[in-house]
Each structure stands twice: as C-alpha cells, then as structure tokens.
Amino acid sequence: MSEAPLVGVLALQGDFVDHEVALQRAGLRTRQVRSPAQLDGLHGLVLPGGESTTMLTLLGVEGLWEPLGSTLRSGLPVFATCAGMILLAERVENPSQRSYGLLPITVVRNGYGRQFHSGTFALESKVLPPGTTGTFIRAPRITAVGAGCEVLARRGADAVLVQCGSILAACFHPELQPELHPVVERFAASVRRHAGAVVRS
C-alpha cells in the first residue's frame, strides 16, 4: 500500500495524544476517534489509558458503545492500555463495572495502589528484549487469566501484558517512554500484517 496503515485512537478522555505520538514514531498514521463514522477504514485501534468510568459515560453520550464493540469484535488489531484494558476485561473489580468482556481476564482497578505507588518497573518476558520496563500509573492489576489468553510479560508474579487473538493489552503505559517501546513496535507489526492482508484480499 502506498500510505502507512491507519490506526484509530479513542479520543474521548485520557492520554490519547501520547499514543498518537508513539504510533507515529512507529511509522503509522493516526486518527482520533470520537464518533462512529471515524471507525471506518482503520487498520488498527487503540484504547488508551485514562479513567475507565468516564470513558464508559462518554461512549454512551457519543453513541459509540455498540459501534466500537462491533469494531473490537471484527478481528482488527487492538491495543489497550490501563483503562483501555479495563474496558475489555471479562471481569472488573473494585468496583465492578460494565465492560466489553472480550479479554478472558479479571482486573482490579487501581490494583497497584494510588499515585504514590506509581513508577517504572522491570518486566520479565520471553518475547520482549532484556531490560524492557513498564511505567505503571494507578494501574489495574490482573488477578486471573483465562484460557486463550497468552501472558507476554510479568511484573514479579503478576501478568501485566497479555494477548488474546488480535487484542494486545497492557497494565502499563509504553506510550509514555521517550524511546519507541517494544510493545508499541509489536502492535505496529500486527497492524502492518493486517493492512497487508486487507490489500491482498
């Protein structure tokens, strides 16, 4: 294809601009998504960090709940961080709330504590380069991982990066690191594969 693949970034609330910068650094085009029409023609989709309850409210206000759900279920490459991961989890605790239920995981909101407990921590992974770190900010904690969900990285004993089909989800914020994070590179590679398959079909 002549143009770089296009990734939509849900831009209702949260750190969507940081995601756009990281994706553009990876050589992808981006589009802020605030309406159903802006979901058309995408090669990938990002659900950013932020405040999941506020995002839920705004998804309803903007008429995006069902259209976004259809896009998420379409097989498009999806990357979800922090609050975005909460929106996709099968079970949400502390407190429970509505979600799309597409990731067979249980998450506890603010599971690593409040802002005081935030920071950058080493990740243990067989698929990421040695020395890779993740920045956790009031991060959700994965307490259970179901069948069909692959754990790609851990912080201590906890799963913090998971993949289920075309969906990649992280408890941490790879978009906030100044260099191109290998998790962003992994997502960018999946978007390029998907875009290439669309062109060939």
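The values are calculated or read from the model by the stated rules, or taken from the named source; none is laboratory data. What you are looking at is a predicted structure, and each value in this text was computed from that prediction instead of being measured. With ideal geometry, Cβ positions are generated from the backbone for all residues, glycine too; neighbour counts draw on all protein chains shown.
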Query - Residue match in the range 73-93 (condition: in contact (Cβ under 8 Å) with a residue 12 or more places away in the chain, among the polar types (S, T, N, Q), exposed (fewer than 15 other Cβ atoms within 10 Å of the Cβ) and within 30 Å of Gly146 (Cα to Cα)) - result: no
Requested in this report: Sort out which residues of the range 123-151 are at pLDDT 95 or above, closer than 23 Å to Asp18 by Cα and of a type in the set (A, V, I, L, M), and write them in order of number.
Outcome: Leu123, Leu128
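Per-residue answers, yes or no, for (1) crowded, with 17+ Cβ neighbours inside 10 Å; (2) out of contact with any strand residue (DSSP E or B) (no Cβ under 8 Å at 6 or more places or on another chain):
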| site | (1), (2) |
| --- | --- |
| Pro5 | yes, no |
| Gly14 | yes, yes |
| His19 | yes, no |
| Gln24 | no, no |
| Gly27 | no, yes |
| Val33 | yes, no |
| Leu45 | yes, no |
| Met55 | yes, no |
Report task. Would you confirm whether any residue within the range 147-159 is hydrophobic (A, V, I, L, M, F, W, C), touching a Pro at 6+ places or on another chain (Cβ under 7 Å), surrounded by fewer than 24 Cβ atoms within 10 Å (Cβ to Cβ) and more than 19 Å from Leu47 (Cα to Cα)? Result -> yes
**Report entry** strands (runs of 3 or more DSSP E) (entirely within the range 103-155) containing at least 3 residues that are closer than 18 Å to Phe187 by Cα and within 16 Å of the chain's Cα centre (by Cα)
**Finding:** 150-155
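How many residues does the range 156-172 contain that are within 14 Å of the chain's Cα centre (by Cα) and not hydrophobic (A, V, I, L, M, F, W, C)?
Of the residues in that region, 3 qualify.
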